[in-house]
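Report on the structure given below.
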Amino acid sequence: MKSSQIAFYSLTIVASILTLSALGLAFFYAPTELTMGVVQKIFYSHVPAAMCAYAGFIIASAASIGYLLRPKPGLDAVARAGVEVGLLFCVYVLISGPIWGYKAWGKAWVWDPQLTATFVLFLMYGGYFLLRVFSPPGERIRKIASALAVFAVVNVPIVHYSVQKWGGLHPTVEREGGGGLAPAMKTTFSVSMLAFLLLFAALIWLSIRVKMREARVEELYLDVEDLSRSRS
Amino acid sequence: MKLKLISFCLVALPGLAHAQGAPSEDVQVPGGALMLVSYLVLWALLLGYLAYLARRQGLIEDDLEVLRKRMDDMLGLED
């Protein structure tokens, strides 16, 4: 077994153990919040998922900048993987947030600055994803998509700092101005955050591997076509 | 094509959900059920994405098989 495979399996095992531990801590260890009740436990997956979405989109935009400067299939694969995994977590944030808000605020959706900015972020990277899915492979599309990924990342700090800048219904909790967490909640949150980040790393690794293979197969098709032409 | 349709639905559905408008302020749903739904959605999304990657990996293997056959035909090789 290759060292990269050992590293991947180790990462997956550690991520799985930590995810199960985080679930156990969220359900059985963390106390129930007094105002919102048990629904507040969504916090332990909602916030780490948002961080993973940020990470995915930042990785995608960094790889896209690299691709625009020096087009390499590997960088495009990283960008696509970053968008896909980031979008996965962003979708979860947009589903878990309204579920939480439905109970806590009495409404599933309000046009709060952070919610709106997150929705715009989702639409931008959703556009990237659909562009890549529906377009034929080619250098031109890859560059257009890269430019889109770079522009869209501007929205990440807007989402993150929107509560501090424009207020709204979103609680600040651990961020500046927030009241902080009780020790048991903080422990659960920290484990959950680590678990999500490792899960994110495992997913993005897997996704990059699949995309690199797709790019290689595309090259092989072109090589076979060339060979076919040269023999006929 | 099926994969593209699924991809489109995955991106479009949250948008449609938000277009439905906010529910009544008189919320009677228990918080525990909502919390469980939230965690179930997380697992469904993760497993769905793994299935999507597995499907793509399967398509790569199919493509490699097609390429292998074309190479064999071109070089006049048989099994």
Point to revise | Nonlocal Lys pairs with alpha-carbon distance under 15 Å, chain A (8 or more apart, or different chains) | key: 4
Exercise for review: Pairs of Cα atoms under 8 Å, at least six residues apart: use those to get the relative contact order of chain A, whole percent.
Suggested key: 31
Revision key, fill the gap. Quick note on A:103, A:41, A:143, ordering by fewest other C-beta atoms within 10 Å, gives A:143, A:103, A:41
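Going by how many other beta carbons lie within 10 Å of each one, how would you line up A:228, A:21, fewest first?
Sorted ascending by nearby Cβ count, the order is A:228, A:21.
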Check your understanding: What residue among A:212, A:36, A:51 shows peak mean-square fluctuation when chain A is described by a Gaussian network model with Cα springs under 10 Å?
Key -> A:36
Check your understanding: Using a Gaussian network for chain A with springs between C-alpha atoms less than 10 Å apart, which of these wobbles most: A:199, A:130, A:88?
Key -> A:130
Check your understanding: Which log10 I(q)/I(0) values, to two decimals, does the protein assembly as shown give at q = 0.07, 0.10 Å⁻¹ under the Debye formula with one point per Cα?
Key -> -0.32, -0.62
Revision key, fill the gap. GNM of chain A, Cα pairs under 10 angstrom: of A:45, A:190, A:135, the biggest fluctuation goes to A:135
Check your understanding: What list do you get for A:87, B:40, B:64, A:34 if you sort them by fewest beta carbons within 10 Å?
Key -> A:34, B:40, B:64, A:87
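Please report, in debye to the nearest 20, how large the charge dipole of region A:95-232 is about its Cα centre when each Lys and Arg carries +1 at its beta carbon and each Asp and Glu carries -1 there. Walk me through the intermediate numbers first.
On the way: 15 positive and 10 negative charges, 21 e Å.
Roughly 100 debye, rounded to the nearest 20.
Nothing charged except the Cβ atoms of Lys and Arg (+1) and of Asp and Glu (-1): what's the magnitude of the dipole of chain A about its Cα centre? Round to the nearest 20 debye. All intermediate terms of the calculation are to be shown ahead of the outcome.
Working: 20 positive and 13 negative charges, 43 e Å.
Using only the charged Cβ atoms, the result is roughly 200 debye.
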**Study point:** residue A:225-residue A:2 FRET efficiency (beta carbon distance; Förster radius 35 Å; 0.05 resolution)
**Key:** 0.70
Review point. Name the GluC sites (Glu not before Pro) in region A:105-199 that are in a loop by DSSP and that have at most 16 other C-beta atoms within 10 Å, would you?
Key: A:174, A:176
Review point. When you look at the Cβ of every residue in A:68-79, what mean number of other chain Cβ atoms sits within 10 Å?
Key: 0
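Where a number appears in this text, it was derived from the coordinates with a stated rule and is not lab data. Here the structure is a predicted model, which means the values were calculated and not measured. Don't worry about glycine lacking a Cβ; one is built from the backbone with ideal geometry, like all the others, and counts go over all protein chains shown.
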